[in-house]
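Below is one structure, written out as structure tokens; comments come after it.
The numbers here are math on the coordinates, done by the rules we state, and not lab data. Small disclaimer: the values here were computed from a predicted structure and weren't measured. FYI the Cβ positions are ideal-geometry reconstructions off the backbone, even for glycines, and counts take in every protein chain you see.
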Amino acid sequence: MDKKIYESMVKIVRIGNRAVHKAREENRRLGLPNICARNGKLYFELPDGTITMKDPMEQ
């Protein structure tokens, strides 16, 4: 792989990681759950740090 392409990829990944981190922190501050998927299943991280598969927005 060309060195310039690799450096560009590293820069893009770094920007993306920072954006995700910032969004997750803002969600916690606003009291919103963070949602992620692993192996086709949704997981919800609640503002108190609890992780659950139950959608906290459903009544």
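A DSSP coil position with no more than 12 other Cβ atoms inside 10 Å describes the following GluC sites (Glu not before Pro) in the chain: 58. Helix 3-30 axis versus longest C-alpha principal axis of the chain: approximately 20°, rounded to the nearest ten. In plain terms, the C-alpha convex hull of the chain casts an average shadow of 5.5 nm² when viewed from every direction. Bridging of residue 11 to lysines at a Cα separation below 21 Å is possible for 3, 22, once same-chain residues fewer than 8 apart are set aside.
Only helices enter the 222 nm calculation for the chain: every DSSP H run of n ≥ 4 contributes -39,500 (n - 2.57), and dividing by all residues gives -17000 deg cm²/dmol, rounded to 500. Positive-end ranking of 8, 34, 19 along the dipole of the chain, with charges on Cβ about the Cα centre, is headed by 8. For the chain, the Cβ-based charge dipole about the Cα centre amounts to some 320 debye (Lys, Arg positive; Asp, Glu negative; other atoms uncharged). Per-residue 3J(HN,Hα) values for region 38-55, derived from phi via the Karplus relation 6.51 cos²θ - 1.76 cosθ + 1.60 with θ = phi - 60°, read 9, 6, x, 10, 8, 10, 10, 9, 6, x, 7, x, 5, 10, 9, 9, 7, 5 Hz in sequence order (x marks Gly and Pro).
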